[in-house]
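Undergrad: Sharing a structure, written as C-alpha cells. Questions coming.
None of the figures in this text is laboratory data; all of them are computed from the coordinates on show. Note that the structure is predicted; figures quoted are calculated from it, not measured. Counting neighbours? That spans all protein chains shown, and the Cβs are built from the backbone with ideal geometry, glycine included.
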Amino acid sequence: MSIVRGMNHIGLTVPDIESATAFFKKGLDAKVAYDSQTLDDPPRGGAEVERFLGIPKGSEIVKKRMIVIGSGPNIEMFQFENASSAEPLDLADHGYTHLSFYTDDLEAAFEKLKSAGGVPLSEIHENTKYEDTQGSGTVYFKTPWGSLIELQSIPNGYYYPEDSESEVFVPE
C-alpha cells in the first residue's frame, strides 16, 4: 500500500477568482465547495505566511476558493494583492503547466469550453503513444487569464509497455 492515497487538489493562482469561477462553471460545470478566504476576511500575508507558502514579501492572499469539477482532484484557486503578476507558464516551461480534463464527449466539451471564453490552440487531434487508441483525441485551450487546459478523451482505453508499473487514473 502506498503512503499517498491520491491527489487531493491542484493549486491555481488567478487574477480574479469570480471571473475564473464563472469560466470553470460555464465551460466545465464546476461547483464551488467553499471559500476559505474572502474580501470580508483580513488579507492573509506577513512574514510567517510568506515563509509557510514561499510567496513574495508583501504579497497577500485576498481570496481563496475550492472548486470541484467532475470526479477529478479539487482545484484550489488563489487571488493575490501586491504580488508580481508573472505570465502563466507555457507547456515548455519548468513547473506545473496545464490542467487536463477527461471527457466522454470531446466535441461537446470543446464547444462548451470555447463558448465560456476558452481559446483552442488547434482543432481536436489524435493523442500520442499509449493514448492513441481508436476514437481518442485531445486539444489544448488558453483560459481567459492565459493558463493552459487540455480536454482529452480515450474511450477505448490506454495500452501500456511491458515494463509499466501501473495503469493511469481515469475519472469515473
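Undergrad: I'd like the full set of residues that are touching a helix residue (DSSP H, G or I) at 6+ places or on another chain (Cβ under 9 Å) and not basic (Lys, Arg), limited to segment 24-60.
TA: Selection gives 27, 28, 29, 30, 32, 35, 55, 56, 58, 59, 60.
Undergrad: Do you know which residues across segment 137-147 are within 18 Å of the chain's Cα centre (by Cα) and in a strand (DSSP E or B)?
TA: Listed by number, the residues that qualify are 138, 139, 140, 141, 142.
Undergrad: Sticking with this one: The conditions are (1) of a type outside the set (Gly, Ala, Ser); (2) in a loop (DSSP other than H, G, I, E, B); (3) out of contact with any helix residue (DSSP H, G or I) (no Cβ under 9 Å at 6 or more places or on another chain), and residue 99 fails exactly one of them. Which is it?
TA: The failed condition is (2).
Undergrad: Which of the strands (runs of 3 or more DSSP E) found entirely inside segment 1-74 contain at least 1 residues meeting this: of a type in the set (Phe, Trp, Tyr) and touching a strand residue (DSSP E or B) at 6+ places or on another chain (Cβ under 8 Å)?
TA: 31-37
Undergrad: Also, quick follow-up: Could you list, in sequence order, the residues of segment 148-172 that are touching a Phe, Trp or Tyr at 6+ places or on another chain (Cβ under 9 Å), small (Gly, Ala, Ser) and in a loop (DSSP other than H, G, I, E, B)?
TA: Within segment 148-172, 164, 166 meet the criteria.
Undergrad: Of everything in segment 23-61, what is closer than 15 Å to residue 76 by Cβ, surrounded by 15 or more Cβ atoms within 10 Å (Cβ to Cβ) and without any contact (Cβ under 8 Å) to a residue 24 or more places away in the chain? Give them in sequence order.
TA: 44, the sole residue that qualifies.
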